[in-house]
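Q: Here it is: the structure, laid out below.
Nothing in this text is a laboratory measurement; each read-out follows from the coordinates by a stated rule. This one's a predicted model, so the numbers in the text were calculated from it and none came from an experiment. Glycine gets a Cβ as well: all are built from the backbone with ideal geometry, and neighbour counts include every protein chain shown.
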Amino acid sequence: MFACTNGYFPVTNSVLRGQKKTMASASVKAPEQPTVEIATGPYRVAGTFSKVQTENREELHNLTTLVRDIVRSSGIRTGSVIVSSLHTTCGIFINEWQDALVHDVKAYLANAINKDVYYRHNDPAWSDCDRHNADSHLRSLMLGISLTLQVNDGDVVLGEWQSIILAEFDGPRERSIRIQVMGIGEK
């Protein structure tokens, strides 16, 4: 049990013969409490499906503008947005959208999960899938298929270099993305 005096928490070492000892030189200053924003108003949920047509087996698409436009048009000022792929062979993730890095991400994923090794999913003795896309499922599993992001002042909260990216691993295909915004709307 800790006692708080003047904003400092005493740090105790292990119990020795049933007695607690306080280390005199190891006090930690309590962190400053952040300002908590409270939003009130009508609760809203807005959602839509969007289609992305891919051209290659493996490619990346920047979804940031699409998601931002949907959030801005939703009328929701504060809340969250969920971006989900409705597929098991494409992923959704956050990273910087820069040409050299896009190349590096594709190379990393190809090296991390090799397309040309044996997978039971690709073996007709074990699976009825004729697409030979086990690597696509595993890459999607590695990245995940959805993101939940904050909405503040009617826009998606992203860092300066962050982008919302769809990773296609089994194209070309038409991909369905569900975008749902929830939170406090405009009055």
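Q: Cut-off under 16 Å on the C-alpha distance; same-chain residues fewer than 8 positions from LYS187 excluded. Which aspartates and glutamates are left, in chain and number order?
A: Cα-Cα hits under 16 Å: ASP153.
Q: Report the local net charge at SER80: Lys and Arg +1, Asp and Glu -1, summed over other residues whose C-beta lies under 13 Å from its C-beta.
A: Neighbour charge sum, excluding SER80 itself: +1.
Q: What is the set of long-range amide H partners of ASN95 at a cut-off below 5 Å, with H atoms built 1.01 Å from backbone N?
A: SER163, ILE165
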